[in-house]
Amino acid sequence: MGTSIRALVVVTTLLAGLLASGTPVSAAPPSNDDFDDATLITTLPFIDRLDASEATSAPDDPSCFGSEASVWYAFTPAEDVTVEATTFGSRYDTTLSAWTGTRGDLDQIACSDDAPGGVHSRVVFAASAGTTYHLMVAAFPDTASGILTISAWETGPLPANDDFDQATPIDSLPFSDSLDASAATRAADDPECAEPGVSVWYSFTPGSNMLVEANTFGSDYDTTLSTWTGERGDLQRVACNDDQGEGLQSQILFVARAGVTYHLMAGTFGDSPAGQLELVVDERARDDGGFDCPTDLWLFEDVSEANVHLGSIRCGTYLEIVRGYPDGTFRPELGVRRDQMASFIARTVTAAGVSLPEAQHGFADLGGNAHEEAIGQLAAAGIVRGTTSTSYSPARVVTRDQMATYLVRTLEWSRDEQLTAPRSPYTDIAGNTHRRSIDVAHDQGLTVGRTPTTYGPRDSVRRGQSATFAMRLLGRIIAD
């Protein structure tokens, strides 16, 4: 009897100690573990903190990156309001979503896994008076739940173009917009440009081919800017920029094809807050058919303001047609090799929005060559040929007469027609096997002579010149 009493005293003492220390004897699911037992949010702002470590999920829970260990809240506003809710401060990797409808038949309004900068979640949504919004907090799949902190409050209205499907249309250029983007959100299927953050959207469908520049200069926050083609959830990137120059704003340059819709996304860099957005979109063209490239685009240290090819190098670099060297130089006077020339032309065609055929060649001297894909594509299109049936001679420097042929073949391939032209005024191309190409290139504005009457057919093509040739070719392709 004495032994039993002593044992009971020991057990009682242990239990008392456990309770005093705050250690749960046996945890239970939280009271709002099920959809039907959702915690009501009666007023905003709202905050709740609970232990969700024993939360479960129901078979009919909807999915926002899963639905493991879900807990529920419900909010029915008396008037229209924009709601922001977060799980910041929670001690586990959360998902957060908002839904309308009835159990088993819910429509997703918002869904967030990781808000920029962490493993917690943030949603912002427009709530209509009298409609019940069901908020589900869950653990990210295959992670443990824990202590949850959820907060909700009224915030400023969402930008009208917060979502891809509500993009602001750009009907004509030039275009500008000044917008308070501070309440912008990020959709789960937003594409990534630099470090993903919240975003607003614009759409532009040009009536003719053109070179387009867009920038966020004048905005008061750290922006990203990108443009995309395709459909929601299956977008292909055309251009993307984080910081242009020494600032935190962004600038993109891209070729827009007639009839193609371009989706412009202005975002924040990562978890930095949004603010006042200033967006400008305009065509970059001159009366002579060339391009008026922005003068503030990044320059190579060895390309001076006096270089006659400066504008083309600027445009070509930004359009990813020409590239510099890892040491920050462009080396404009260096001769262009046949393999490099193929990449210049292939990138020009791609920048114009034209697809090249699948690479195909029979050259045995390209093993491991970084330009092999471009050479194969141009060979399949009939734009380049080998020096023999099995050799391409990639390291040979391209001459000006050869360059005329490459340019003309590319333009003819893009138009699917053979071009004709009157005799050019050059006296130094008699008997040259590239005579027809030089004549056509002169007529099409692809090349100019060394002097009014000389072409310099056997002179080597320099890298600076190649940028100018590429930009002239781009202009001719998109002019059609």
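The values are calculated or read from the model by the stated rules, or taken from the named source; none is laboratory data. Note that the structure is predicted; figures quoted are calculated from it, not measured. Quick reminder, even Gly has a Cβ in these numbers, built from the backbone with ideal geometry, and neighbours come from all protein chains shown.
Residues in segment 439-463 that are of a type in the set (S, T, N, Q) and assigned to a loop (DSSP other than H, G, I, E, B) were compared, and the one that is farthest from residue 405 (Cα to Cα) is 453. Looking at segment 381-391, is at least one residue within 28 Å of residue 300 (Cβ to Cβ) and at pLDDT 95 or above? Looking for residues that are within 28 Å of residue 300 (Cβ to Cβ) and at pLDDT 95 or above, one finds at least one in segment 381-391, hence yes. Test residue 395 against the stated conditions and say whether it is within 27 Å of the chain's Cα centre (by Cα) and closer than 26 Å to residue 458 by Cα. No. Filtered by the rule that a residue be surrounded by fewer than 20 Cβ atoms within 10 Å (Cβ to Cβ) and assigned to a strand (DSSP E or B), segment 25-59 gives 39, 40, 46, 47, 48, 49, 50, 51. In segment 410-434, of all residues being free of Cβ contacts under 8 Å to residues at least 40 places away in the same chain and crowded, with 19+ Cβ neighbours inside 10 Å, the one that is nearest to residue 341 (Cα to Cα) corresponds to 434.
From the list 305, 246, 320, which residue is in contact with a helix residue (DSSP H, G or I) (Cβ under 7 Å, 6 or more places away or on another chain) and modelled with pLDDT under 90?
Working: 305 fails: in contact with a helix residue (DSSP H, G or I) (Cβ under 7 Å, 6 or more places away or on another chain); 246 fails: in contact with a helix residue (DSSP H, G or I) (Cβ under 7 Å, 6 or more places away or on another chain).
Only one candidate passes the filter, namely 320.
Identify the single condition in (1) without any contact (Cβ under 8 Å) to a residue 40 or more places away in the chain; (2) within 25 Å of residue 154 (Cβ to Cβ); (3) of a type in the set (A, V, I, L, M) that residue 181 does not satisfy, given that it satisfies every other one. All conditions pass for residue 181, except number (1).
The residues of segment 425-480 that are within 17 Å of residue 349 (Cα to Cα) and of a type in the set (A, V, I, L, M, F, W, C), listed by number, are 441, 446, 467, 469, 470, 471, 473, 474, 477, 478, 479.
For the subset of segment 256-274 comprising residues that are over 15 Å from residue 195 (Cα atoms) and not polar (S, T, N, Q), which member is surrounded by the fewest Cβ atoms within 10 Å (Cβ to Cβ)?
Start the filter on segment 256-274 by keeping residues that are over 15 Å from residue 195 (Cα atoms), which leaves 256-264.
From what's left, not polar (S, T, N, Q): 256-260, 262-264.
Details: 256: 24, 257: 16, 258: 13, 259: 10, 260: 15, 262: 22, 263: 20, 264: 26.
The selected residue is 259.
Within segment 341-381, the set of residues being more than 26 Å from residue 312 (Cβ to Cβ) and part of a loop (DSSP other than H, G, I, E, B) comprises 357, 358, 359, 360, 361, 362, 363, 364, 365, 366, 367, 368.
Of all the listed residues (98, 110, 115, 127), the sole one being small (Gly, Ala, Ser) and modelled with pLDDT of 95 or more is 98. Note on segment 407-453: among residues that are touching a helix residue (DSSP H, G or I) at 6+ places or on another chain (Cβ under 9 Å) and of a type in the set (D, E, K, R), the one that is nearest to residue 378 (Cα to Cα) is 409. Highlighted here are the strands (runs of 3 or more DSSP E) found entirely within segment 60-137 that include at least 3 residues which are β-branched (Val, Ile, Thr) and under 18 Å from residue 46 (Cα atoms): 81-86.
For segment 201-236, a residue qualifies if it is surrounded by fewer than 19 Cβ atoms within 10 Å (Cβ to Cβ) and either in the same structural domain as residue 472 (by TED's automatic domain parsing) or assigned to a strand (DSSP E or B) (or both), and the qualifying residues are 203, 229, 230, 231, 234, 235, 236.
Evaluating residue 189 against the criteria (1) in a strand (DSSP E or B); (2) acidic (Asp, Glu); (3) touching a Lys or Arg at 6+ places or on another chain (Cβ under 7 Å) leaves one unmet condition, (1).
Just give me the residues in segment 232-255 being of a type outside the set (Ser, Thr, Tyr) and closer than 14 Å to residue 194 by Cα, in sequence order.
237, 238, 239, 240, 241, 242, 243, 244, 248, 249, 251, 252 - these are the residues of segment 232-255 that are of a type outside the set (Ser, Thr, Tyr) and closer than 14 Å to residue 194 by Cα.
Condition first: in a loop (DSSP other than H, G, I, E, B) and of a type in the set (Gly, Ala, Ser). Now tell me which residues in segment 242-260 satisfy that.
Of all residues in segment 242-260, those in a loop (DSSP other than H, G, I, E, B) come to 242-250, 257-260.
Once the filter is applied, which keeps residues that are in a loop (DSSP other than H, G, I, E, B) and of a type in the set (Gly, Ala, Ser), segment 242-260 yields 245, 247, 250, 258, 259.
Checking each residue in segment 400-445 for being β-branched (Val, Ile, Thr) and within 17 Å of residue 375 (Cα to Cα) picks out 405, 408, 410.
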